[in-house]
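Asker: Have a look at the structure that comes next, please.
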Amino acid sequence: MSPMERAGIVWVTRTDTEQDARLNSGLAPLERRSPDAPENRSLATAGRLKGPMTGEWITRLADDERKRDALRSRELEAAARKVTVVRTHGRRLIDELRVAVTHDVDAFRHEFPGDQARDVTVDSEAEGGFAVSKPGIPSAALSVAPRWDAAVVGCRYRFTPNNGLPAREDHFELVFVPRDDDSAQFKHHGSGQVFANADVLSEYLLTPVLTGRPR
């Protein structure tokens, strides 16, 4: 047994001749670390754990991606359905609303024959929209303007009070929403209020104009 072996040093894979050469040249001998050494056990343990841990985070990531895919799919379906609703029912709903508003304005004027302050008018505008105007003081006006590219209908009020104050403007948007029977109806984009038919929406739109008072 060599002096180094008696000292308890275990050599690595190099041969004894190589180790003797290192000793003769004044270099320290190389030790062979036991596979059971604590640091080697730690590395082995880490290697064993790495596989299952990697699998768990990949599974979580994949689940999250599938949820995102499902959400995107629902959003695309909703957008496609909205386009279909607008294309199929949008202009018909606007036409029905204009007819209902015109009928209600005529009925209101009939209640006040010869009253110039209540001589409300309805005029057609571009893209199937229309405008309602009440002269006199206080005066009021409503513009209903479809924006077909955005699938919304802009509603803008302008009130001029009789006390010398500046005019006031209010505005909101209506959107088209499908019914269960594949027809459609209007919904207030801000409040979420749904209007069952054109007559209900006409009352909602005209009341501030006919009275000259903002809602």
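Asker: Check Val177, Val144, Val153 and return the single one that is among the aliphatic types (A, V, I, L, M), closer than 24 Å to Ser191 by Cβ and touching a Leu at 6+ places or on another chain (Cβ under 6 Å).
Answerer: It is Val153.
Asker: Report yes if Asp199 is surrounded by fewer than 17 Cβ atoms within 10 Å (Cβ to Cβ) and touching a residue at least 60 places away in the same chain (Cβ under 8 Å), otherwise no.
Answerer: It is true that Asp199 is surrounded by fewer than 17 Cβ atoms within 10 Å (Cβ to Cβ) and touching a residue at least 60 places away in the same chain (Cβ under 8 Å).
Asker: Would you check which residues across the range 113-130 are surrounded by fewer than 17 Cβ atoms within 10 Å (Cβ to Cβ) and modelled with pLDDT of 95 or more and list them?
Answerer: Correct list: Thr121, Asp123.
Asker: List pairs: first in the range 86-100 and among the hydroxyl-bearing types (Ser, Thr, Tyr), second crowded, with 17+ Cβ neighbours inside 10 Å, Cβ under 9 Å, 6+ apart or cross-chain?
Answerer: Thr88/Ala184
Asker: Would you be able to tell me the number of residues in the range 73-108 that are crowded, with 16+ Cβ neighbours inside 10 Å, of a type in the set (D, E, K, R) and over 22 Å from Asp181 (Cβ atoms)?
Answerer: 2
Asker: Still on this structure, I have one more. Which ranges mark the strands (runs of 3 or more DSSP E) fully within the range 113-215 that have 1 or more residues being under 29 Å from Ala79 (Cβ atoms)?
Answerer: Here the list reads 130-134, 139-147, 152-160, 168-178, 184-188.
Asker: Ser191 versus (1) surrounded by 13 or more Cβ atoms within 10 Å (Cβ to Cβ); (2) hydroxyl-bearing (Ser, Thr, Tyr); (3) under 32 Å from the mean Cα position of the chain (by Cα): which is the lone unmet condition?
Answerer: Ser191 satisfies every listed condition except (1).
The values are calculated or read from the model by the stated rules, or taken from the named source; none is laboratory data. Note that the coordinates shown come from a computational prediction; the quantities given were computed from them, not determined experimentally. Counting neighbours? That spans all protein chains shown, and the Cβs are built from the backbone with ideal geometry, glycine included.
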